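This report concerns only the one structure given below.
The values are calculated or read from the model by the stated rules, or taken from the named source; none is laboratory data. Only a predicted model underlies this, so the values are computations on that prediction, with no experimental measurement involved. Here Cβ is always computed from backbone atoms with ideal geometry, including for glycine, and neighbour counts include all displayed protein chains. Surface areas here come from the heavy atoms of the whole protein model, side chains and all, with no ligands, DNA or RNA. Shrake-Rupley method; radii C 1.70, N 1.55, O 1.52, S 1.80 Å.
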Amino acid sequence: MIEFDDVTKVYPDGTVAIENVSFEVEEGTTTVLVGPSGCGKTTTMKLVNRLEDPTEGTVYFDGSDVQQQDKIELRRSIGYVIQEIGLFDHMTVGENVATVPKLLDWDRERIDDRVDELLELMDLPPESYRDQYPPELSGGQRQRVGVARALAADPDVLLMDEPFGALDPITRENLQDEFLEIQKQINTTILFVTHSVEEALKMGDRIAVFDVGELVRYDEPRNILEDP
Ligand code: ADP
Ligand code: ADP
(Lines give C-alpha, C1' and ligand atoms only; values in the text may rest on other atoms or scores of the structure.)
(Ligands and ions follow the chains in the order given, each with its own letter.)
Protein backbone atom coordinates (compact mmCIF):
# COMPACT_ATOMS: atom_id res chain seq x y z
CA MET A 1 0.00 0.00 0.00
CA ILE A 2 2.75 2.43 1.08
CA GLU A 3 6.41 1.65 0.64
CA PHE A 4 9.54 3.64 1.49
CA ASP A 5 12.51 2.49 -0.55
CA ASP A 6 15.80 3.85 0.76
CA VAL A 7 14.42 7.33 1.34
CA THR A 8 16.54 10.27 2.47
CA LYS A 9 15.21 13.76 3.16
CA VAL A 10 17.58 16.69 3.54
CA TYR A 11 15.96 20.09 4.14
CA PRO A 12 17.31 23.14 2.25
CA ASP A 13 19.21 24.28 5.38
CA GLY A 14 21.15 21.00 5.35
CA THR A 15 19.22 19.23 8.13
CA VAL A 16 19.11 15.51 7.44
CA ALA A 17 15.63 14.60 8.69
CA ILE A 18 15.69 10.93 7.64
CA GLU A 19 18.38 8.83 6.02
CA ASN A 20 18.04 5.61 4.01
CA VAL A 21 14.67 4.68 5.44
CA SER A 22 12.90 1.61 4.05
CA PHE A 23 9.67 0.00 5.23
CA GLU A 24 6.35 -1.17 3.89
CA VAL A 25 2.84 -0.60 5.22
CA GLU A 26 0.44 -3.42 4.39
CA GLU A 27 -3.10 -2.64 3.36
CA GLY A 28 -5.57 -2.52 6.26
CA THR A 29 -2.92 -2.37 9.00
CA THR A 30 -1.88 0.37 11.39
CA THR A 31 1.83 1.16 11.38
CA VAL A 32 3.04 3.41 14.17
CA LEU A 33 6.16 5.57 13.78
CA VAL A 34 7.60 6.09 17.26
CA GLY A 35 10.65 7.93 18.55
CA PRO A 36 11.75 11.10 20.31
CA SER A 37 10.98 14.60 19.06
CA GLY A 38 13.01 15.62 16.01
CA CYS A 39 13.84 12.10 14.80
CA GLY A 40 12.02 12.46 11.49
CA LYS A 41 8.52 11.06 12.07
CA THR A 42 6.57 14.05 10.77
CA THR A 43 8.88 14.36 7.77
CA THR A 44 8.21 10.70 6.95
CA MET A 45 4.44 11.35 7.00
CA LYS A 46 4.73 14.45 4.84
CA LEU A 47 6.60 12.47 2.18
CA VAL A 48 3.52 10.27 1.74
CA ASN A 49 1.08 13.05 0.80
CA ARG A 50 3.79 15.16 -0.83
CA LEU A 51 3.85 18.00 1.66
CA GLU A 52 7.59 17.33 1.29
CA ASP A 53 9.57 15.72 -1.52
CA PRO A 54 12.32 13.12 -0.95
CA THR A 55 15.93 14.07 -1.65
CA GLU A 56 16.81 10.47 -2.51
CA GLY A 57 14.89 7.23 -2.75
CA THR A 58 11.27 6.54 -3.65
CA VAL A 59 7.96 6.58 -1.80
CA TYR A 60 5.34 4.32 -3.38
CA PHE A 61 1.59 4.58 -2.88
CA ASP A 62 -0.62 1.95 -4.48
CA GLY A 63 2.27 0.60 -6.50
CA SER A 64 3.55 3.80 -8.06
CA ASP A 65 5.99 6.57 -7.14
CA VAL A 66 4.10 9.39 -5.37
CA GLN A 67 6.25 11.94 -7.22
CA GLN A 68 4.61 10.74 -10.46
CA GLN A 69 1.08 11.04 -9.05
CA ASP A 70 -1.24 14.00 -9.20
CA LYS A 71 -1.04 15.84 -5.86
CA ILE A 72 -4.75 16.59 -5.66
CA GLU A 73 -5.73 13.00 -6.49
CA LEU A 74 -3.18 11.72 -4.01
CA ARG A 75 -4.56 13.88 -1.19
CA ARG A 76 -8.11 12.75 -1.96
CA SER A 77 -7.00 9.21 -1.25
CA ILE A 78 -5.06 10.15 1.89
CA GLY A 79 -6.71 11.65 4.99
CA TYR A 80 -4.50 13.71 7.31
CA VAL A 81 -5.02 14.34 11.03
CA ILE A 82 -2.60 16.50 13.01
CA GLN A 83 -2.25 17.44 16.66
CA GLU A 84 -3.71 20.95 16.67
CA ILE A 85 -6.36 19.86 14.32
CA GLY A 86 -6.95 23.15 12.50
CA LEU A 87 -10.73 22.97 12.37
CA PHE A 88 -12.41 26.01 10.83
CA ASP A 89 -13.81 27.77 13.91
CA HIS A 90 -16.28 29.89 11.94
CA MET A 91 -17.81 26.79 10.38
CA THR A 92 -20.12 24.33 12.14
CA VAL A 93 -19.03 20.81 12.97
CA GLY A 94 -21.14 19.54 10.05
CA GLU A 95 -19.57 21.99 7.62
CA ASN A 96 -16.09 21.09 8.82
CA VAL A 97 -16.70 17.39 8.21
CA ALA A 98 -18.23 18.18 4.79
CA THR A 99 -15.17 20.12 3.55
CA VAL A 100 -13.69 17.49 1.23
CA PRO A 101 -17.00 16.03 -0.05
CA LYS A 102 -18.02 19.60 -1.01
CA LEU A 103 -14.76 20.05 -2.92
CA LEU A 104 -15.56 16.80 -4.67
CA ASP A 105 -19.02 18.15 -5.61
CA TRP A 106 -21.02 15.43 -3.89
CA ASP A 107 -24.73 16.17 -3.91
CA ARG A 108 -26.32 17.68 -0.79
CA GLU A 109 -28.10 14.53 0.37
CA ARG A 110 -25.02 12.35 0.05
CA ILE A 111 -22.98 14.88 2.03
CA ASP A 112 -25.59 15.15 4.80
CA ASP A 113 -25.84 11.36 5.10
CA ARG A 114 -22.06 11.00 5.23
CA VAL A 115 -21.67 13.73 7.87
CA ASP A 116 -24.32 12.12 10.08
CA GLU A 117 -22.80 8.67 9.64
CA LEU A 118 -19.34 9.91 10.65
CA LEU A 119 -20.55 11.91 13.64
CA GLU A 120 -22.39 8.79 14.87
CA LEU A 121 -19.21 6.77 14.40
CA MET A 122 -17.22 9.33 16.41
CA ASP A 123 -19.77 9.25 19.22
CA LEU A 124 -20.92 12.83 18.52
CA PRO A 125 -24.70 12.40 17.95
CA PRO A 126 -25.42 14.58 14.89
CA GLU A 127 -28.62 16.08 16.30
CA SER A 128 -26.58 17.54 19.18
CA TYR A 129 -23.28 18.34 17.49
CA ARG A 130 -23.82 18.97 13.76
CA ASP A 131 -24.66 22.66 14.23
CA GLN A 132 -22.22 23.48 17.01
CA TYR A 133 -19.02 25.43 16.41
CA PRO A 134 -15.58 23.97 17.29
CA PRO A 135 -14.82 26.51 20.05
CA GLU A 136 -17.90 25.19 21.93
CA LEU A 137 -16.44 21.68 22.10
CA SER A 138 -13.89 20.03 24.39
CA GLY A 139 -10.42 19.15 23.09
CA GLY A 140 -11.35 15.48 22.77
CA GLN A 141 -14.53 16.31 20.87
CA ARG A 142 -12.65 18.61 18.51
CA GLN A 143 -10.14 15.88 17.80
CA ARG A 144 -13.02 13.50 16.97
CA VAL A 145 -14.36 16.07 14.51
CA GLY A 146 -10.89 16.23 12.97
CA VAL A 147 -10.85 12.46 12.51
CA ALA A 148 -14.36 12.56 11.01
CA ARG A 149 -13.27 15.29 8.59
CA ALA A 150 -10.23 13.27 7.51
CA LEU A 151 -12.42 10.21 6.88
CA ALA A 152 -15.22 12.04 5.05
CA ALA A 153 -14.31 11.08 1.49
CA ASP A 154 -13.45 7.52 2.51
CA PRO A 155 -9.67 7.74 2.00
CA ASP A 156 -7.60 4.61 1.38
CA VAL A 157 -5.02 5.82 3.88
CA LEU A 158 -5.20 7.88 7.04
CA LEU A 159 -2.10 9.72 8.24
CA MET A 160 -2.34 10.62 11.93
CA ASP A 161 0.41 12.80 13.40
CA GLU A 162 0.23 12.82 17.22
CA PRO A 163 -3.56 12.89 16.88
CA PHE A 164 -4.15 12.65 20.62
CA GLY A 165 -1.00 14.49 21.69
CA ALA A 166 -2.65 17.69 22.91
CA LEU A 167 -5.20 15.95 25.14
CA ASP A 168 -5.15 15.31 28.88
CA PRO A 169 -4.17 11.72 29.82
CA ILE A 170 -7.71 10.49 30.55
CA THR A 171 -9.28 11.92 27.39
CA ARG A 172 -6.32 10.57 25.48
CA GLU A 173 -6.80 7.05 26.78
CA ASN A 174 -10.55 7.17 26.06
CA LEU A 175 -9.93 8.30 22.51
CA GLN A 176 -7.31 5.60 21.98
CA ASP A 177 -9.83 2.96 23.06
CA GLU A 178 -12.58 4.44 20.90
CA PHE A 179 -10.27 4.70 17.95
CA LEU A 180 -9.30 1.02 18.22
CA GLU A 181 -13.01 0.21 17.84
CA ILE A 182 -13.46 2.67 14.97
CA GLN A 183 -10.44 1.20 13.18
CA LYS A 184 -12.21 -2.17 12.93
CA GLN A 185 -15.19 -0.51 11.24
CA ILE A 186 -13.42 1.74 8.75
CA ASN A 187 -10.87 -0.77 7.46
CA THR A 188 -8.43 1.97 6.40
CA THR A 189 -4.66 1.67 6.20
CA ILE A 190 -3.21 3.91 8.90
CA LEU A 191 0.17 5.52 9.47
CA PHE A 192 0.27 6.89 13.01
CA VAL A 193 2.96 9.07 14.61
CA THR A 194 3.58 9.27 18.36
CA HIS A 195 6.50 9.85 20.72
CA SER A 196 4.80 7.59 23.30
CA VAL A 197 6.03 3.99 23.28
CA GLU A 198 2.96 3.01 25.29
CA GLU A 199 0.62 4.51 22.69
CA ALA A 200 2.59 2.88 19.89
CA LEU A 201 2.31 -0.59 21.43
CA LYS A 202 -1.40 -0.09 22.04
CA MET A 203 -2.38 1.28 18.62
CA GLY A 204 -0.02 -0.46 16.19
CA ASP A 205 -0.08 -3.70 14.22
CA ARG A 206 3.48 -2.80 13.26
CA ILE A 207 5.89 -0.46 15.00
CA ALA A 208 8.58 1.53 13.21
CA VAL A 209 11.09 2.77 15.79
CA PHE A 210 13.01 5.90 14.77
CA ASP A 211 16.18 7.30 16.30
CA VAL A 212 17.56 10.57 14.93
CA GLY A 213 16.72 10.15 11.28
CA GLU A 214 17.15 6.40 11.20
CA LEU A 215 14.64 3.59 11.23
CA VAL A 216 16.20 1.24 13.79
CA ARG A 217 13.50 -1.41 14.05
CA TYR A 218 10.32 -2.50 12.31
CA ASP A 219 8.36 -5.20 14.09
CA GLU A 220 5.10 -6.38 15.63
CA PRO A 221 4.26 -5.02 19.10
CA ARG A 222 4.40 -8.47 20.74
CA ASN A 223 7.95 -9.07 19.47
CA ILE A 224 9.02 -5.68 20.80
CA LEU A 225 7.43 -6.44 24.17
CA GLU A 226 9.17 -9.83 24.37
CA ASP A 227 12.53 -8.55 23.20
CA PRO A 228 12.74 -4.76 23.65
P1 ADP B 1 9.62 14.53 14.51
O2 ADP B 1 8.31 14.48 13.81
O3 ADP B 1 10.14 13.17 14.87
O4 ADP B 1 9.60 15.45 15.68
P5 ADP B 1 10.53 16.05 12.22
O6 ADP B 1 10.33 15.21 11.02
O7 ADP B 1 9.54 17.12 12.51
O8 ADP B 1 10.70 15.08 13.48
O9 ADP B 1 11.95 16.73 12.14
C10 ADP B 1 13.15 16.00 11.85
C11 ADP B 1 14.31 16.96 11.81
O12 ADP B 1 14.16 17.81 10.67
C13 ADP B 1 14.40 17.87 13.01
O14 ADP B 1 15.76 18.11 13.25
C15 ADP B 1 13.69 19.14 12.54
O16 ADP B 1 14.14 20.28 13.24
C17 ADP B 1 14.08 19.17 11.10
N18 ADP B 1 13.09 19.85 10.24
C19 ADP B 1 11.76 19.60 10.17
N20 ADP B 1 11.17 20.39 9.28
C21 ADP B 1 12.15 21.19 8.77
C22 ADP B 1 12.17 22.22 7.80
N23 ADP B 1 11.06 22.60 7.16
N24 ADP B 1 13.36 22.82 7.54
C25 ADP B 1 14.49 22.43 8.18
N26 ADP B 1 14.53 21.45 9.10
C27 ADP B 1 13.37 20.84 9.40
P1 ADP C 1 6.83 18.15 15.60
O2 ADP C 1 7.93 17.94 16.56
O3 ADP C 1 5.46 17.99 16.17
O4 ADP C 1 7.01 17.40 14.31
P5 ADP C 1 7.99 20.74 15.21
O6 ADP C 1 7.63 21.67 16.31
O7 ADP C 1 9.30 20.08 15.15
O8 ADP C 1 6.82 19.68 15.13
O9 ADP C 1 7.77 21.48 13.82
C10 ADP C 1 6.64 22.26 13.56
C11 ADP C 1 6.74 22.77 12.11
O12 ADP C 1 7.95 23.51 11.91
C13 ADP C 1 6.74 21.65 11.09
O14 ADP C 1 5.92 22.02 10.01
C15 ADP C 1 8.19 21.52 10.67
O16 ADP C 1 8.28 21.13 9.31
C17 ADP C 1 8.72 22.92 10.86
N18 ADP C 1 10.14 22.90 11.31
C19 ADP C 1 10.68 22.14 12.27
N20 ADP C 1 12.00 22.37 12.40
C21 ADP C 1 12.29 23.33 11.50
C22 ADP C 1 13.49 24.00 11.13
N23 ADP C 1 14.67 23.74 11.71
N24 ADP C 1 13.40 24.93 10.16
C25 ADP C 1 12.26 25.20 9.56
N26 ADP C 1 11.08 24.60 9.84
C27 ADP C 1 11.10 23.66 10.80
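Relative to the longest principal Cα axis of the chain, at what angle does helix 169-186 sit, 0 to 90 degrees, rounded to 10? Result, in degrees: 90.
In this structure the amide hydrogen of Thr55, modeled in the peptide plane, comes within under 5 Å of the amide hydrogens of Thr8, Lys9, Val10, none closer than 5 places in sequence on its chain.
Just checking the listed ones, Tyr129, Tyr11, Tyr60: in the Gaussian network model of the chain with Cα springs under 10 Å, the one fluctuating most is Tyr11. Applied to the stretch 31-42, the Karplus parametrisation 6.51 cos²θ - 1.76 cosθ + 1.60 on θ = phi - 60° returns per-residue 3J(HN,Hα) values of 10, 9, 9, 10, x, x, 4, x, 8, x, 5, 5 Hz, with x for Gly and Pro.
Amide H to amide H distances under 5 Å link Leu33 with Phe192, Val193, Thr194, Ala208, where only residues 5 or more positions off or on other chains count and H is placed in the peptide plane. Looking at the chain, the accessible area is 49 square angstrom per residue; that uses a 1.4 Å probe and ignores ligands, DNA and RNA. Look at the Cα gyration tensor of the stretch 71-155: its axes a ≥ b ≥ c give a/c of at least 1.5 with a/b at or below b/c, and that counts as oblate. For the chain, rounded, prolate or oblate, judged on the Cα gyration tensor with a ≥ b ≥ c (square roots of eigenvalues), a/c < 1.5 rounded, else prolate if a/b > b/c? Note, shape of the chain comes out prolate. For the chain, with all protein chains in place and a probe radius of 1.4 Å, 44% of the accessible heavy-atom surface sits on carbon or sulfur. Dipole of the stretch 92-132 computed with +1 at Lys/Arg Cβ and -1 at Asp/Glu Cβ about the Cα centre; of Gln132, Thr99, Ile111, farthest Cα towards the positive end is Thr99. When the Gaussian network model of the chain links Cα atoms closer than 10 Å, the mean-square fluctuations of Val212, Val157, Val32 top out at Val212. In terms of its C-alpha gyration tensor, the stretch 147-219 comes out oblate, because a/c is 1.5 or above while a/b does not outweigh b/c. Put the Cα centre of the stretch 175-228 next to the Cα centre of the stretch 58-124 and the gap is 23 Å.
Taking Cβ atoms as reference points and 14 Å as the exclusive limit, the residues near Asp177 contribute a net charge of -2, counting Lys and Arg as +1 and Asp and Glu as -1. Each residue of the stretch 102-115 was assigned a 3J(HN,Hα) from its phi angle through the Karplus expression (A = 6.51, B = -1.76, C = 1.60, θ = phi - 60°), giving 5, 4, 8, 6, 5, 6, 3, 5, 5, 5, 4, 4, 5, 4 Hz with x at Gly and Pro.
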